[in-house]
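Take a look at the structure set out below.
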Amino acid sequence: MDKINLKSTLKLILYILVVTYVVDKVIYFSLNMLSDKILSGQAVGKLNHFITVKDSVDIVTFGNSRTNHHINPQKLSGSGFNMGADARSIAFCATLIKLLPENKEQLVIVNVDSKNVFDPKYSGIDISPLRIRYHRSKVIKREIDRVFSFDPIQNFYWSKGYNGKVLGLFKNYFVPKYDHTTYYGYDPIYVNETQREIFRNFLKNPKRVECKEEYVLSDLYKSYLDEIKAFCTKNNKKLVLITAPFYDDVCKKDNQKMKQVFEEMQFEYYDFSDVFKENNKIEYWKDDVHLSDEGAQLFSEILNKTLVKK
């Protein structure tokens with residue numbers, strides 16, 4: 001390639017980069033304006049809702065679907081918001097906790113399950129849904145960079161954070177899933193008779209749970225726990241770890257190990273795995289790990305009574 005052609009090629013590449021960069025930013029800020037008006041839906045709306053209420057509520061709960069579907073903030077003593085979401089773990093929770101206001105007294109409840117606590121392969125990728133705010137929050141940007149390798153494309157084309165979410169944005173903008181003014185983050189599970197019959201059949205031949213010989217706290221999980229504790233201590237927040245109920249928690253080794261670990265780390269921890277063991281009803285459950293609305297309402301009352309006593 002001669003010098004003239006090389007120069008022309010470089011100019012064309014530069015032109016394309018400049019144009020696409022500008023177009024990307026126009027799209028990005030337009031999507032931000034649209035996104036900020038959406039306060040319903042799991043993908044974007046619930047996160048936006050959390051950001052709007054996080055400075056005013058007294059209680060915030062974090063965790064996976066067993067938080068989202070198990071804890072009704074209206075049953076707790078104080079204004080609250082349930083920030084539980086499907087398939088989330090400690091990286092997602094820790095990042096959002098670090099967004100809570102400084103020096104405001106709040107109760108922070110984090111649901112922890114042994115499958116993540118003792119997972120040696122836990123990598124923190126559950127933080128991925130927060131990419132949508134990568135360029136809007138120093139905290140989120142820092143935490144995402146901690147988990148993922150530097151992404152030059154996302155740092156140049158900011159709209160990449162909206163990949164896979166645009167259709168959902170428009171859907172929830174024009175047809176909100178619910179009235180956010182009466183929503184507190186709790187998503188109840190209403191079980192029909194067909195689902196209940198499926199669960200009855202499952203209980204006739206339940207999955208076998210194999211206990212491990214040894215349970216070791218994940219180093220990454222521990223680092224997030226340490227950071228949450230330090231943040232809450234510094235900012236006048238009471239931190240409580242819990243394990244939500246299971247229909248039949250066969251293996252107890254992990255429970256004993258979690259209790260030991262959290263005592264050594266000086267966490268306030270409550271294991272509710274067997275809270276329904278003496279008075280269990282199939283009506284309380286959708287499946288062996290998720291409560292129905294009936295069960296969740298009862299558990300929320302039990303949780304509140306436990307916390308109030310302390």
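Derivation of every value follows stated rules applied to the coordinates shown; laboratory data play no part. Just so it is clear, the model here is predicted, and its values are computed rather than measured. Neighbour counts run over all protein chains shown; Cβ positions are idealised from the backbone, glycine included.
Hey, quick one: spin label on SER79, modelled 7 Å out along Cα-Cβ, who in the stretch 97-115 has an amide N within reach, i.e. under 20 Å?
Only 97-109 pass the distance filter.
Mind checking the dipole of the chain: about its Cα centre, +1 per Lys or Arg Cβ, -1 per Asp or Glu Cβ, Debye to the nearest 20?
The calculation lands at about 1080 debye.
Could you list, in their original order, any pairs among LYS234/LYS277; LYS75/LYS222; LYS104/LYS138; LYS75/LYS257 whose Cα atoms are separated by more than 28 Å?
LYS234/LYS277; LYS75/LYS222; LYS75/LYS257
What chymotrypsin sites (Phe, Trp or Tyr not before Pro) does the stretch 156-233 have in DSSP loop regions with at most 12 other beta carbons within 10 Å?
Answer in residue order: TYR190.
Give me the percent of DSSP beta bridges within the chain that run antiparallel, rounded to the nearest 5.
On the way: 1 of 18 bridges.
Roughly 5 percent of the DSSP beta bridges within the chain come out antiparallel.
What 222 nm value per residue comes from the helices of the chain, counting each DSSP H run with n ≥ 4 as -39,500 (n - 2.57) and dividing by all residues, nearest 500 deg cm²/dmol?
Taken over the chain, the calculation gives -13500 deg cm²/dmol.
Multiplying the sequence separation of SER128 and GLU268 by 0.36 nm and subtracting their Cα-Cα distance, what value in nm do you get?
So the extension gain works out to 47.6 nm.
Among ALA85, SER123, LEU6, which residue has its Cα positioned farthest towards the positive end of the charge dipole of the stretch 1-141, with +1 placed on the Cβ of Lys and Arg, -1 on the Cβ of Asp and Glu, and the dipole taken about the Cα centre?
Farthest towards the positive end: LEU6.
Report, in debye and to the nearest 20, how large the dipole of the stretch 1-67 comes out about its Cα centre when Lys and Arg carry +1 and Asp and Glu carry -1 on their Cβ.
Value, rounded to 20: 240 debye.
Between ASP55 and LYS222, what is the label-point separation in nm under the 7 Å Cα-to-beta-carbon projection?
For LYS222 paired with ASP55, the spin-label model returns 3.7 nm.
If you filter the stretch 23-93 for trypsin sites (Lys or Arg not before Pro), then keep DSSP loop positions with at most 15 other Cβ within 10 Å, what is left?
The qualifying sites are LYS37.
Please check the chain for the longest run free of GluC sites (Glu not before Pro) that are loop-located per DSSP (anything but H, G, I, E, B) and have at most 14 other Cβ atoms within 10 Å.
For GluC sites (Glu not before Pro) (loop position, at most 14 other Cβ atoms within 10 Å), the longest site-free span of the chain is 106-209.
Could I have the simple spin-label model distance between GLU214 and LYS115, label points 7 Å from Cα toward Cβ, reported in nm to one decimal?
According to this spin-label approximation, the distance is 2.4 nm.
Report relative contact order for the stretch 121-187 in percent, whole number only (criteria: Cα-Cα under 8 Å, sequence separation at least 6).
Answer for the stretch 121-187 is 24 percent.
Go through the stretch 111-202 and name the trypsin sites (Lys or Arg not before Pro) that are in a DSSP coil and have 11 or fewer other Cβ atoms within 10 Å of their Cβ. Working shown, then result.
Working: sites: LYS115, LYS121, ARG131, ARG133, ARG136, LYS138, LYS141, ARG142, ARG146, LYS160, LYS165, LYS171, LYS177, ARG196, ARG200; in loops: LYS121, ARG136, LYS165, LYS177.
Within the stretch 111-202, the qualifying trypsin sites (Lys or Arg not before Pro) (loop, at most 11 other Cβ atoms within 10 Å) are LYS121.
If I model a spin label at GLU301 and THR20 as a point 7 Å from the Cα along the Cα→Cβ vector, what separation in nanometres do I get?
Spacing of the two 7 Å Cα→Cβ label points: 5.9 nm.
How high is the FRET efficiency from THR182 to LYS253, r the C-beta distance, R0 45 Å, rounded to 0.05?
Values: r = 42 Å, r/R0 = 0.94.
For THR182 and LYS253, the calculated efficiency is 0.60.
For VAL147 and ASN103, FRET efficiency with R0 = 30 Å and r from the beta-carbon atoms, rounded to 0.05? Display every interim value, and only then the final one.
Working: r = 28 Å, r/R0 = 0.92.
E(calc), rounded to 0.05, equals 0.60.
Note the listed values (i) 5, 23, 31, 23, 10, 4, 3, 1, 0; (ii) 6, 22, 25, 20, 16, 9, 3, 0; (iii) 5, 20, 21, 11, 6, 7, 10, 10, 7, 3, 0, then indicate which one is P(r) over Cα pairs in 10 Å bins from 0, in percent calculated from this particular structure.
The listed entry that was calculated here is (i).
To the nearest 0.05, what FRET efficiency results for LYS3 and MET33 with a Förster distance of 45 Å applied to their C-beta separation?
Once rounded, the FRET efficiency stands at 0.50.
If you add up the charges near GLY63, with Lys and Arg at +1 and Asp and Glu at -1, over every other residue whose beta carbon is less than 9 angstrom from its beta carbon, what do you get?
So the environment of GLY63 carries a net charge of +1.
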